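> One structure, as structure tokens, below. Some questions next.
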Number of protein chains: 2
Amino acid sequence: MPDISKRGIRMPNSPIRKLVPLAEEAIRRGTTVYRLNIGQPDIPTSPNALESIRNMAAKVVDYGHSAGNESLRRKFARYYKTINIDLEYSDILITTGASEAITLTLLTCLNAGDEIIVPEPFYANYFSFAIASDVNVVPITSNIETGFALPPISEFEKLITPKTRAIIICNPNNPTGHVYSYEDLKQLRDLVLKHDLFFICDEVYRDLCYDGKTFASAMQITRLEKHLVLIDSVSKRYSATGLRVGVMASKNKALLQTALKFCQARLCPPNIGQLAAEAALDSPPEYLDMVYQEFLKRRNFIVKELNSMEGVYCPVPKGAFYVMVKLPVDDAEKFAMWMLQEFSYNDQTVMLAPGSGFYFNTNLGKQEVRVAYVLNIDDLKKAMECLRRGLMAYPGRQVGEKKIETIAGNR
Amino acid sequence: MPDISKRGIRMPNSPIRKLVPLAEEAIRRGTTVYRLNIGQPDIPTSPNALESIRNMAAKVVDYGHSAGNESLRRKFARYYKTINIDLEYSDILITTGASEAITLTLLTCLNAGDEIIVPEPFYANYFSFAIASDVNVVPITSNIETGFALPPISEFEKLITPKTRAIIICNPNNPTGHVYSYEDLKQLRDLVLKHDLFFICDEVYRDLCYDGKTFASAMQITRLEKHLVLIDSVSKRYSATGLRVGVMASKNKALLQTALKFCQARLCPPNIGQLAAEAALDSPPEYLDMVYQEFLKRRNFIVKELNSMEGVYCPVPKGAFYVMVKLPVDDAEKFAMWMLQEFSYNDQTVMLAPGSGFYFNTNLGKQEVRVAYVLNIDDLKKAMECLRRGLMAYPGRQVGEKKIETIAGNR
């Protein structure tokens, strides 16, 4: 039999999804599994989107334009103007989710073997997209002690080599919930211009900033026109992850024209998704406000609960709907598996995303998990109760001692 | 400004879509454009699919499973059994169209720099997917004179190097309409086993075989279990291209498990598309028969019309809904552009896909175009009348002389 490709072997299992088979087994045993592993909110999809799907008039579900349907691109441009982001429709490509937008950006901006600097913990799939595109991830570590603040620019400088071609950030951040400030972005802009790099900004959680933090888009920073690629999606904003509709936007025309060639090869983004996204962009402010208030309530609840558990440390996330939490366990992945395989409380358990998958050095996140507070308060209450009891019962529990030594686990 | 990537520069514009801006200009001038460039049938989407979309009950359009929804995978497996293809649901991954299935297959099976042998003219996007995956296309030329029959296996043998890892065919063929026989497939099987290669079979047009040709699936050939990847899609079968739902199937478990890791990174295929695809698979036989009869009628019409034009040569395609046609012109791409920019007849014109984009040596297809007979007979009549008159009026017309010399135009 012919060998599987090296990149295929190197490709990690998603930390967010790798435990799905264990969860499925637990469900078969009759256990309720609270899924805090994945950014799938239980919040209803924008009613405008749902209505547009049910009223679809087309007799032929045909190909759309490779760049995305012009009407949707124009509507995105109008939306961006309302939030002080100056983009024309021609600066915008519609993609099959933000996932495809990132892959297209890597393929367009980086050669095979080039390097991209990514603050870690990072959205795990950045690493996967980099492997698929033969791009090398160079991590720069942010720490739970600082709430995962942007590392000093001097630390970035140290990592820059002739192979460095881009920096990618997610703001507000998945998995940490950190919100980078306007000042942070300006510092990164100066670095990007100094070294003539691309700057990729994934801003799919922009609506969710808490505690008076105001969201700053990299698109609002001057002099980045040729360097910046904005990544966006309707998935989280309108609770419509299954539509698979995202955005890749840039003022750099050559960059966008090149990306369009990759888009042509895959023909078009999902067309019913585009129809629904167009309607979603007309969602009333009350919908977005409801979503915001709901996540704020959930965040407040979960932070308080987690920090009340002995040995658990949960920084206060200022944005998005995730938080990286330190647990008093020997190995958070073993713990997450144990919760699904061995543990239940009142026939219930919790599914978590092991932290190590969000780091390049997989030993760095060994005691951390990413918690997505995507369930309603009632479910979160039950989930937190399970977690509290699970942590007490777990055989690998480690409280108040034994600092885990960090050894290289680079991928 | 940082440079665009080399692969981005190397990526071709799609021959199928590159003339879209010219068509849009023509439409703005008030010209009706008959689009024979793209495989977008005007046939109504399966009513089952449309109904399922309009009846969608979900309140949350959420992520599906990365492998595709199990209910859809099981339904595909049942469908395959009805056509004598023995696949379990666990052998099947749902993809974002056949496009993604091919990209996933290349990433999973081939290393960067590996070679894939492709009979040319080939579906142009194979070349694009190869560039995106850093795989080298090695073309093996089939000829219009033989109706684009499979080249002799001895010719394949000559192309095999230590870098050769796979062969890909499309059967029935896009762009030629050729149908490879059971015997052809067995010969390819023997070659594949001898050299321990992967064999990728794109069978999205299997329902459309004419003139008593019976479709043979590579999945029906024994001893290919570890080597074969089947590519499929609902796009053409149910006239639902915009759903973006395809299939990657293999009996090779390691291969499929690896592909699943790439699937996890992009989260899931479009979920409403999956809903509609599941319903489409229940379409009544009458629907598929209607589609078949319609394409047969269109094929018969178009072949007769084309061959009645002076200097035009159109082989009789035995499958799919395309044909590669030789035109009496200096350069088929120039002609296609001229038809959109300079020509109209009764305010109508035709859009064609230049043949060169379907060859690795772009000079080979210089007088050819791909015609997709995807419009109803009335429109095809008008389109053929435009083409006939356009060919007569075209300044670069070449009839009965000057064989175009083929020079290297390798990409």
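The values are calculated or read from the model by the stated rules, or taken from the named source; none is laboratory data. Since the model is a prediction, treat every value here as computed from it, not as a measurement. Here Cβ is always computed from backbone atoms with ideal geometry, including for glycine, and neighbour counts include all displayed protein chains.
> Output the residues belonging to region A:269-301 that are more than 23 Å from the chain's Cα centre (by Cα) and within 30 Å of B:A101 (Cβ to Cβ).
A:N271, A:I272, A:L275, A:A279
> Residues to consider are B:M309, B:M337; find the one that is assigned to a loop (DSSP other than H, G, I, E, B) and either under 18 Å from B:T32 (Cβ atoms) or not assigned by TED's automatic domain parsing to the domain that holds B:K213 (or both).
The unique qualifying residue is B:M309.
> Condition (residue is touching a Cys at 6+ places or on another chain (Cβ under 9 Å), under 27 Å from A:A132 (Cα atoms) and among the polar types (S, T, N, Q)) applied to region B:65-88: is it met by at least one residue?
Scanning region B:65-88 turns up at least one residue that is touching a Cys at 6+ places or on another chain (Cβ under 9 Å), under 27 Å from A:A132 (Cα atoms) and among the polar types (S, T, N, Q).
> For region B:201-260: of the residues being closer than 13 Å to B:A280 by Cβ and of a type in the set (D, E), which is farthest from the chain's Cα centre (by Cα)?
Of everything passing the filter in region B:201-260, B:D207 is farthest from the chain's Cα centre (by Cα).
Rundown of residues vs (1) surrounded by 20 or more Cβ atoms within 10 Å (Cβ to Cβ); (2) among the charged types (D, E, K, R); (3) at the interface with chain A (Cβ under 9 Å from one of its Cβ atoms), yes/no style:
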| site | (1), (2), (3) |
| --- | --- |
| B:L19 | yes, no, no |
| B:P44 | no, no, yes |
| B:N48 | no, no, no |
| B:A67 | yes, no, no |
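> Continuing with the same structure: What number goes with the only condition from (1) more than 7 Å from chain A (Cβ to nearest Cβ); (2) touching a helix residue (DSSP H, G or I) at 6+ places or on another chain (Cβ under 7 Å) that B:N55 does not pass?
Here B:N55 clears every test but (2).
> Test each condition in (1) surrounded by fewer than 16 Cβ atoms within 10 Å (Cβ to Cβ); (2) farther than 29 Å from A:V369 by Cα for A:D211 and report the one that comes out false.
Going through the list (1) surrounded by fewer than 16 Cβ atoms within 10 Å (Cβ to Cβ); (2) farther than 29 Å from A:V369 by Cα, A:D211 breaks only (2).
> Right, next: Considering only region A:248-274, how many residues are over 20 Å from B:T95 (Cα atoms) and either modelled with pLDDT under 95 or not in a loop (DSSP other than H, G, I, E, B) (or both)?
11
> Please identify the pairs in which a residue from region B:209-225 that is among the acidic types (D, E) has its Cβ atom under 6 Å from the Cβ atom of a residue that is modelled with pLDDT of 95 or more, counting only partners at least 6 apart or on another chain.
Going by the 6 Å Cβ cut-off, the qualifying pairs are B:D211/B:K318; B:E225/B:K251.
> Continuing with this model, one more query. Give just the number: which of (1) farther than 16 Å from B:V204 by Cβ; (2) in contact with a strand residue (DSSP E or B) (Cβ under 7 Å, 6 or more places away or on another chain) does B:L228 not satisfy?
Checking B:L228 against (1) farther than 16 Å from B:V204 by Cβ; (2) in contact with a strand residue (DSSP E or B) (Cβ under 7 Å, 6 or more places away or on another chain), the one that fails is (1).
> Okay, moving on. Across region B:317-355, which residue is nearest to the chain's Cα centre (by Cα) among those that are among the hydroxyl-bearing types (S, T, Y) and surrounded by 24 or more Cβ atoms within 10 Å (Cβ to Cβ)?
Per the stated criteria, the residue is B:Y322.
> Starting from region B:97-113, take each residue that is more than 7 Å from every other protein chain (Cβ to nearest Cβ) and list its partners that are in a loop (DSSP other than H, G, I, E, B), counting only C-beta distances under 6 angstrom and pairs at least six apart or across chains.
Here the result reads B:A98/B:V204; B:L106/B:S133; B:L106/B:V135, each pair linking region B:97-113 to a residue that is in a loop (DSSP other than H, G, I, E, B).
> Ok, one more. Kindly provide the set of residues from region B:251-279 that are among the hydrophobic types (A, V, I, L, M, F, W, C) and either under 30 Å from A:M56 (Cα atoms) or within 7 Å of another protein chain (Cβ to nearest Cβ) (or both), ordered by number.
B:A254, B:L255, B:F262, B:C263, B:A265, B:L267, B:C268, B:I272, B:L275, B:A276, B:A277, B:A279
> For A:L306, indicate whether it is among the hydrophobic types (A, V, I, L, M, F, W, C), surrounded by 19 or more Cβ atoms within 10 Å (Cβ to Cβ) and farther than 30 Å from B:K18 by Cα.
yes
> Further, regarding this structure: Exactly one condition in (1) assigned to a loop (DSSP other than H, G, I, E, B); (2) within 14 Å of chain A (Cβ to nearest Cβ); (3) among the aliphatic types (A, V, I, L, M) is false for B:A216; which is it?
Unmet for B:A216, out of (1) assigned to a loop (DSSP other than H, G, I, E, B); (2) within 14 Å of chain A (Cβ to nearest Cβ); (3) among the aliphatic types (A, V, I, L, M): (2).
> With touching a residue at least 12 places away in the same chain (Cβ under 8 Å) and either crowded, with 24+ Cβ neighbours inside 10 Å or assigned by TED's automatic domain parsing to the domain that holds B:T362 (or both) as the only criterion, which of B:I83, B:I131, B:I116 stands out?
From the options B:I83, B:I131, B:I116, the qualifying one is B:I116.
> If you go through region B:1-17, how many residues are over 26 Å from the mean Cα position of the chain (by Cα) and more than 7 Å from chain A (Cβ to nearest Cβ)?
Final tally of qualifying residues: 1.
Each row is one residue, and each column tells you yes or no for (1) of a type in the set (G, A, S); (2) surrounded by fewer than 24 Cβ atoms within 10 Å (Cβ to Cβ); (3) closer than 30 Å to A:S14 by Cα; (4) assigned by TED's automatic domain parsing to the domain that holds B:P151.
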residue	(1), (2), (3), (4)
B:L243	no, no, yes, yes
B:S250	yes, no, yes, yes
B:T258	no, yes, yes, yes
B:A265	yes, no, yes, yes
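> Does region A:152-161 include one or more residues that are touching a residue at least 40 places away in the same chain (Cβ under 8 Å) and either in contact with a helix residue (DSSP H, G or I) (Cβ under 7 Å, 6 or more places away or on another chain) or within 14 Å of chain B (Cβ to nearest Cβ) (or both)?
Checked against the condition, which is being touching a residue at least 40 places away in the same chain (Cβ under 8 Å) and either in contact with a helix residue (DSSP H, G or I) (Cβ under 7 Å, 6 or more places away or on another chain) or within 14 Å of chain B (Cβ to nearest Cβ) (or both), region A:152-161 yields at least one hit.
> Only one residue in A:D347, A:D289, A:D282 is in contact with a Gly (Cβ under 9 Å, 6 or more places away or on another chain), more than 14 Å from every other protein chain (Cβ to nearest Cβ) and among the acidic types (D, E), so which one is that?
A:D347
> What is the one condition in (1) free of Cβ contacts under 8 Å to residues at least 12 places away in the same chain; (2) within 14 Å of chain B (Cβ to nearest Cβ) that A:L193 does not satisfy?
Just one mismatch for A:L193, condition (1).
> Here's something else I'd like to know. Being farther than 14 Å from A:A124 by Cβ, of a type outside the set (G, A, S) and touching a residue at least 60 places away in the same chain (Cβ under 8 Å), is that true of even one residue in region A:354-371?
There is at least one residue in region A:354-371 that is farther than 14 Å from A:A124 by Cβ, of a type outside the set (G, A, S) and touching a residue at least 60 places away in the same chain (Cβ under 8 Å).
> Among (1) buried (at least 24 other Cβ atoms within 10 Å of the Cβ); (2) in contact with a helix residue (DSSP H, G or I) (Cβ under 7 Å, 6 or more places away or on another chain), where does A:A372 come up short?
The number of the failed condition is (2).
> Being polar (S, T, N, Q), assigned to a loop (DSSP other than H, G, I, E, B) and buried (at least 24 other Cβ atoms within 10 Å of the Cβ) is the filter here; which residues of region B:219-238 pass it?
Scanning region B:219-238 gives a single hit, B:S235.
> Taking the condition of being closer than 18 Å to B:Y322 by Cβ and either surrounded by fewer than 19 Cβ atoms within 10 Å (Cβ to Cβ) or without any contact (Cβ under 8 Å) to a residue 40 or more places away in the chain (or both), how many residues in region B:134-144 meet it?
Adding up the residues that qualify gives 3.
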